[in-house]
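Encoded as structure tokens, the structure appears first; notes follow it.
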Amino acid sequence: MIPHGESTYDEKTQSVRSLDIQNENNANVVKFSEIERPIIMEESNQRSERMLLQNIREENVVGISERDSAEVIDKNKLGKFFQRPNKNDYDKLDASPFVSEIFVKHPDEDSDKGDPLGGFLCTGSRSDGTFLHEFCSLQPDGILAKDLSVREKDILVRLNEKNTLGSLEYNHEGILELFRTLPTLKTISMETYNGKSETFTTVEFLLEGTKEEIIVKENSVMLTAQPPLVEALLYQRGNTSLAYQNGQLALCKSANFLTDCTHHFVVKKTLDEGFYNVYTFQVQKNKSKFLGLNGRKLEIIDGTDEAYIKSFQIEKIKRDSFLKPCGKDDMYVYYNKFKGIYEAVSRADALKDEGFGMIIIPTPCQP
């Protein structure tokens, strides 16, 4: 059972002892999970937490949302989340008249046209007026495909700290101008999104101008897929978060869950055979342990035990994120307030009431 709900407060130790009623068949057995913490956060601690949240609410945390709007910025979540490009979006891009070759200006030439990067930019608009920019007609030996590993139909997310996905500001000509004015011999950062694999990729590189053309400086390319994140899993109704305590899964309050590794999980994203995102949740305090399903109950599972499901898909519905155990697509993990556990149930049961999923929040900790 996940410790939750009723608590007793010890003024001498300033600790909370959370009741843990183990299960319905053994309802008289009660144990205590002790968390040494002040019961009331001081105002200075609250300010510190807000500052920390602000510091990690950076725009390098980017994800895909299931909502209808093209861009979703939730004040209670961290980072930016964009609606997954759908078939209608790609159809609009295929039919778009806004298709232009991408150039970068040579530093030693007066021509505004510049040198080609080996591909074209196609721009379309979404239902809310924001723009989608897609790479197309890539030359296999061009800079974009050969040096920067850009793939056909990749969506441009960011170029040199300019957010282009979900933007009302950067139209077709605006993006072409960003490329045209890229600096030489200064680090350039570009992030793309691939719809087939649903992955974000960041590439950093240097351009330099020879007498004949613009090239990518040798050994300057650094390519990174979206790295693992250390995240906290919050239950919003109880103002608590999942934690690893005494080898078991607990649900408890903490004034500093963003920095307390007891509440942290290393979230790794991979792709299944159908190119869908699959997530694992590794315990930060014990890398041999993972979140997993024991029957229908969410527990701490040994990473080498193949008898339990340890991989999940994630579906965001309003403010809730629901873990969907791989191989059980009709099941959603939600908090059963009567049993005091997270368990896998049908979608209909999980969505009866709002607020019984999770809020997944990035932390400043490193994997």
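General observations
- Normalised contact order of region 133-173, rounded percent, pairs of Cα under 8 Å and 6 or more residues apart: 36 percent
- When +1 charges are put on Lys and Arg Cβ atoms and -1 charges on Asp and Glu Cβ atoms, the dipole computed for region 155-266 relative to its Cα centre reaches about 400 debye.
- Summarising the label geometry, the points placed 7 Å from Cα in the beta-carbon direction at Thr224 and Arg296 lie 4.2 nm from one another.
- Placing unit charges on the Cβ atoms of the charged side chains and taking the dipole of region 161-319 about its Cα centre, the candidate lying farthest along the positive direction among Val266, Thr164, Phe205 is Val266.
- Cα-derived Rg to Rh of region 244-367, Kirkwood definition: 0.93
- Protection-proxy order for peptides 213-220, 140-147, each taking the mean of Cβ atoms within 10 Å per residue, highest first: 140-147, 213-220
- With 20 Å as the limit, the listed pairs Lys253/Lys324; Lys269/Lys310; Lys146/Lys217; Lys297/Lys318 have Lys253/Lys324; Lys297/Lys318 beyond it between alpha carbons.
- Förster radius 41 Å - calculated FRET efficiency between Asp141 and Glu306, Cβ distance, rounded to 0.05: 0.40
- Hz values of 3J(HN,Hα) by residue in region 231-245 - Karplus curve (6.51, -1.76, 1.60), Gly and Pro given as x: 10, 10, 10, 9, 9, 5, 5, x, 6, 10, 9, 5, 8, 9, 9
- Once the Cβ-Cβ distance of Lys285 and Lys337 is raised to the sixth power relative to R0 = 25 Å, the FRET efficiency obtained is 0.40.
- Taking 0.36 nm per residue of separation and subtracting the Cα-Cα distance, full extension of the segment from Glu198 to Asp330 would add 45.4 nm.
- Region 137-208 has equivalent-ellipsoid semi-axes of 17, 17, 12 Å, by the square roots of 5 times the alpha carbon gyration tensor eigenvalues, sorted largest first.
- Rg in Å to one decimal, and Dmax rounded to a whole Å, for region 230-287 via C-alpha atoms: 12.9, 41
- FRET efficiency for Ile317 and Glu208, using Cβ-Cβ distance with R0 set to 51 Å, rounded to 0.05: 0.60
We did not get these values from a lab; they are worked out from the coordinates using the rules stated. Values in this document were obtained by computation on a predicted structure and should not be read as measured data. Methodologically, a virtual Cβ is constructed for each residue, glycine included, from the backbone with ideal geometry; neighbour enumeration extends over all protein chains shown.
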